[in-house]
1. Count, please, the residues in region 3-19 that happen to be within 19 Å of Arg50 (Cβ to Cβ) and either at pLDDT below 55 or outside any loop (DSSP other than H, G, I, E, B) (or both).
2. Taking Thr35 as meeting all but one of (1) farther than 19 Å from Arg14 by Cα; (2) hydroxyl-bearing (Ser, Thr, Tyr); (3) open to solvent by less than 60 Å² (accessible area, probe 1.4 Å); (4) at pLDDT 95 or above, write down the number of the exception.
3. What number of residues within region 86-97 are buried (at least 20 other Cβ atoms within 10 Å of the Cβ) and part of a strand (DSSP E or B)?
4. Please specify each residue of region 16-31 satisfying the condition of being surrounded by 14 or more Cβ atoms within 10 Å (Cβ to Cβ) and small (Gly, Ala, Ser).
5. Confirm whether Glu79 is modelled with pLDDT of 95 or more, assigned to a strand (DSSP E or B) and open to solvent by 50 Å² or more (accessible area, probe 1.4 Å).
6. Tally the residues that are over 17 Å from Ile96 (Cβ atoms), assigned to a strand (DSSP E or B) and of a type in the set (Asp, Glu), restricting the search to region 20-67.
7. Please list, ordered by first then second residue, the pairs with beta carbon atoms under 9 Å, 6 or more apart or interchain, first in region 74-95 and on the phi > 0 side of the Ramachandran plot, second assigned to a loop (DSSP other than H, G, I, E, B) and of a type in the set (D, E, K, R).
8. Tell me, yes or no, whether region 104-125 has at least one residue that is in a strand (DSSP E or B), open to solvent by 40 Å² or more (accessible area, probe 1.4 Å), more than 19 Å from Val17 (Cα to Cα) and among the aromatic types (Phe, Trp, Tyr).
Amino acid sequence: MPTAPVLEREAPHRAAVLGKGVLVKGEIHSGEPLTIEGEVQGTINMPEHRLTIAGSAKVRANVKAREIEVHGAFDGRAEVKEKTCIRDGAQFTGDIHSGSILIEDGGYIKGSVDLSRNSRTEPKA
């Protein structure tokens, strides 16, 4: 019995990656999860997907995403529908508007935090 090619089966779980040697200045619009290992300056718009900022990454941007996980350095404004995770060793400078936030021991944050319920967590009438 024929099976689907490996890439087709894995595609929904894979993320696009901007490697360590990549510098982006401008706008990023992503229709899939994105991992940044390099440097980004500008705006990142991916309201239905997860953004991962790797430990090697430096991001100076305004971001709209479903989720953000920060391992590296972030400076800017983040509008996050669901969850923001600031991991051990991460540096987050700027403003966060998010459905929830997790800051691990060793994670650094400087700026304002505005937590609000998203539509998935509001009680039903």
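The values are calculated or read from the model by the stated rules, or taken from the named source; none is laboratory data. Quantities reported herein were computed from a predicted structural model and do not represent experimental measurements. Neighbour counts run over all protein chains shown; Cβ positions are idealised from the backbone, glycine included. The area values use the complete protein model at the heavy-atom level, side chains included, leaving out ligands, DNA and RNA. Shrake-Rupley method; radii C 1.70, N 1.55, O 1.52, S 1.80 Å.
1. Residues in region 3-19 being within 19 Å of Arg50 (Cβ to Cβ) and either at pLDDT below 55 or outside any loop (DSSP other than H, G, I, E, B) (or both): 7 in total.
2. (1)
3. Looking only at that region, the number is 3.
4. Ala16, Ser30, listed by residue number.
5. Here the answer is yes, as Glu79 does meet what is asked.
6. Here the count works out to 3.
7. Pairs that qualify, where the first residue is on the phi > 0 side of the Ramachandran plot and the partner is assigned to a loop (DSSP other than H, G, I, E, B) and of a type in the set (D, E, K, R), are Gly89/Glu104.
8. yes
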